[in-house]
1. Got a sec? Which of B:40, B:101, B:67 is modelled with pLDDT of 95 or more and under 20 Å from residue A:38 (Cα atoms)?
2. For the stretch A:16-36, what are the residues that are more than 11 Å from the chain's Cα centre (by Cα) and open to solvent by less than 20 Å² (accessible area, probe 1.4 Å)?
3. From the list A:13, A:4, which residue is open to solvent by 20 Å² or more (accessible area, probe 1.4 Å) and either closer than 17 Å to residue A:111 by Cα or without any contact (Cβ under 8 Å) to a residue 60 or more places away in the chain (or both)?
4. For the stretch B:92-140, how many residues meet the condition of being among the acidic types (Asp, Glu) and at positive phi?
5. If a residue must be touching a Leu at 6+ places or on another chain (Cβ under 8 Å) and surrounded by 13 or more Cβ atoms within 10 Å (Cβ to Cβ), how many such residues does the stretch A:76-116 contain?
6. Here is a check on your reading of the model: is residue A:53 at pLDDT below 95 and either surrounded by fewer than 23 Cβ atoms within 10 Å (Cβ to Cβ) or on the phi > 0 side of the Ramachandran plot (or both)?
7. Exactly one of these conditions fails for residue A:43: (1) out of contact with any helix residue (DSSP H, G or I) (no Cβ under 8 Å at 6 or more places or on another chain); (2) farther than 25 Å from residue B:114 by Cβ; (3) exposed (fewer than 14 other Cβ atoms within 10 Å of the Cβ). Give me its number.
8. Considering only residues that are surrounded by 16 or more Cβ atoms within 10 Å (Cβ to Cβ), under 13 Å from the mean Cα position of the chain (by Cα) and within 18 Å of residue B:79 (Cα to Cα), which ones fall in the stretch B:119-132?
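The values are calculated or read from the model by the stated rules, or taken from the named source; none is laboratory data. The model shown is predicted, which means the values in this text are computed figures rather than measured ones. Cβ placement follows ideal geometry from the backbone for every residue including glycine, while neighbour counts extend to all protein chains displayed. Just the protein is used for accessible areas: all its heavy atoms, side chains included, with ligands, DNA and RNA removed. Shrake-Rupley method; radii C 1.70, N 1.55, O 1.52, S 1.80 Å.
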Amino acid sequence: MTVNDIKELLNANVLCCEDYLSNVVHTACGSDMMSDVLAFVKDQSVLITGLCNPQVIRTAEMMDITCIVFVRGKIPDSTTIDLAIERNIPVLSTSRKMFEACGILYSKGLSGGKEN
Amino acid sequence: MTDAIKLEYTVCNDDFTRAGEASSDIKDKLKKMGVAPEIIRKVVIAMYEGEINMVIHANGGKITVTITTDKITMVLSDKGPGIENIELAMQEGYSTAPDNIRSLGFGAGMGLPNMKKYSDYMDVQTQLGTGTTVTMQVNL
């Protein structure tokens, strides 16, 4: 699945880094707790979250996360978006709720990855 | 690499927005040095959790990173309140972070456990009222 596929499936807006829409995503992680995200390394993952602050981008950066989706129509502030642009991480925003967004992507073949 | 490379960072007091800048800088530097991505990930996740801890609990602190041919050593020292019960603090899910930190996505009680998980060696020296020094090593 590509970042663009996620955009289409979730009817999401792209907030930055449109150049990376063809990047491939293999796994997904849905959480508002960044330390939980940091506990499990996944390969080429999308982070789905309702948390809206610059540490979401930092967490994604440390984990080499491919793309971030903010749920419930949340739009992060410019500091957060600027950081995502600096680190080349595409950010999407969908009006879907967390459960729905995760369910849609799971049903289309994205897995939670292996525990390590 | 013939000589050790030493890098020093100051983690700002209570500036949650800037937490992670040191880890981000290390990530760029290790990448430029050609260090394997999975090693970089271990280093930066462990260090990032440490940075967050310093901001949440200790009013910031200092980080020294030393890179040698066989390992990367991170020493994180602060003059914070110290850790009262290190055994409890090492347990997943145990946290003393205030509620406002939880609303920022941290304080799940995974900080120290994650630091241990991603480092090949970790040592915590702490004294109540004086501060904490965490040493972590990741083998190259």
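1. Only one candidate qualifies: B:40.
2. A:16, A:34, A:35
3. After ruling out the rest, the residue left standing is A:4.
4. Counting residues in the stretch B:92-140 that are among the acidic types (Asp, Glu) and at positive phi gives 0.
5. Number satisfying all stated conditions: 12.
6. yes
7. Just one mismatch for residue A:43, condition (2).
8. Selection gives B:124, B:132.
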